Amino acid sequence: MKHLKWMLLLAILISCGGKKQDTKKVETQKATEIKVTPGERTDEKETPTVKITYPKDGEIIKDKKLGVKLDVTGYDLGKQTETARAKEIANSSQGQHIHIILDNKAYEACYEVGKPFEIPGELSPGVHTLRVFPSRSYHESLKGAQGWDAITFYAEKKEGAAPVDFTKPLLTYSRPKGTYKGEEGKSIMVDFWVSGCTLSADGYKVKLTINGQHETMFTEWKPYFVTGLNPGKYTFALELVDKDGKPAEGSYNKTEREITIE
């Protein structure tokens, strides 16, 4: 009986050791499959201008629900962007749009102007920010200077310090976002907006981190594409860093989003 117990114990230990080794192998394999590839910007033949007309910069508004008003010229909203990329990555059936970012939340997509665009939820009293820029139907941002606008405003009362200085180097997270289904999950676009600085090998850079481990440094302002992600949840972090790799000042210069691949 003693001999039998020792045999069973040995079998369990071998079995447990085997499981740990297999798990480590799977984790390593999953990490090495992730690949980040730079892409070229879609040609920007248009020269859109986007302006926030409500609220005004510095304005105190009484609304609890925010209805953003925009003036957009030189860009066709609601139209499909007819390039090969539209078939290669996640693409909105509603067409080209404006990304609207309240504070540092994930953007809301505005497909038409001429009426207020209501941001979900209620405004908390005090200071808030808005950032806007145009997007292709497949969510790649247009990066012309006139296509960007940003303001600070207040709800109910002028209270609280501005969380960011829009005249200083600033990173605005755009993509990835939300849930990717089927073919959409094979190539995930990373896209962002940079203002107040230029990216370069010996200057400011953008650091991408996936799940706190897989790091890539971007020295050019262009879209990047991540492949090799298995179905599941992933945390993407984008951070603006200086020439020494230190975090740039500003509370918006590091942003994390969780995405799901199904």
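The values are calculated or read from the model by the stated rules, or taken from the named source; none is laboratory data. Remember, predicted model here, so these are calculated numbers, not experimental data. Heads up, the Cβs are rebuilt from the backbone with ideal geometry, glycines too, and the neighbour counts pull from every protein chain shown.
Looking only at segment 74-84, decide whether some residue is of a type outside the set (Phe, Trp, Tyr), exposed (fewer than 13 other Cβ atoms within 10 Å of the Cβ), closer than 22 Å to residue 166 by Cβ and touching a residue at least 24 places away in the same chain (Cβ under 8 Å). Checking segment 74-84: not a single residue is of a type outside the set (Phe, Trp, Tyr), exposed (fewer than 13 other Cβ atoms within 10 Å of the Cβ), closer than 22 Å to residue 166 by Cβ and touching a residue at least 24 places away in the same chain (Cβ under 8 Å).
Taken together, 76, 63, 43 contain a single residue that is outside the structural domain of residue 138 (by TED's automatic domain parsing) and over 13 Å from residue 147 (Cβ atoms), which is 43. When segment 207-220 is filtered for residues that are out of contact with any helix residue (DSSP H, G or I) (no Cβ under 8 Å at 6 or more places or on another chain) and surrounded by 17 or more Cβ atoms within 10 Å (Cβ to Cβ), the ones remaining, listed by number, are 207, 208, 210, 216, 218. Annotation: residue 40 fulfils all but one of (1) part of a strand (DSSP E or B); (2) touching a residue at least 60 places away in the same chain (Cβ under 8 Å); the unmet one is (1).
In segment 10-30 there is no residue matching the filter, namely being at pLDDT 90 or above and surrounded by 14 or more Cβ atoms within 10 Å (Cβ to Cβ). Where strands (runs of 3 or more DSSP E) fall entirely within segment 110-222, those with at least 3 residues that are touching a residue at least 40 places away in the same chain (Cβ under 8 Å), in the same structural domain as residue 93 (by TED's automatic domain parsing) and touching a strand residue (DSSP E or B) at 6+ places or on another chain (Cβ under 8 Å) are at 126-135, 149-155. Would you check if residue 188 is of a type in the set (Val, Ile, Thr), within 23 Å of residue 137 (Cα to Cα), touching a Phe, Trp or Tyr at 6+ places or on another chain (Cβ under 7 Å) and surrounded by fewer than 19 Cβ atoms within 10 Å (Cβ to Cβ)? Judged against the criteria, residue 188 is not a match. All conditions in (1) of a type outside the set (Asp, Glu); (2) over 23 Å from the mean Cα position of the chain (by Cα); (3) modelled with pLDDT of 95 or more hold for residue 115, with the sole exception of (3).
Among the residues of segment 243-262 satisfying the criterion of being part of a loop (DSSP other than H, G, I, E, B) and without any contact (Cβ under 8 Å) to a residue 40 or more places away in the chain, which is farthest from the chain's Cα centre (by Cα)? Let's see the steps before the verdict.
Taking segment 243-262 as the starting set, the residues that turn out to be part of a loop (DSSP other than H, G, I, E, B) are 243-246, 248-253, 262.
So of that shortlist, the ones also without any contact (Cβ under 8 Å) to a residue 40 or more places away in the chain come out as 244, 246.
Values: 244: 24, 246: 20 Å.
Filtering first and then ranking leaves 244.
Within segment 242-256, the presence of at least one residue that is within 27 Å of residue 186 (Cβ to Cβ) and modelled with pLDDT of 95 or more is confirmed.
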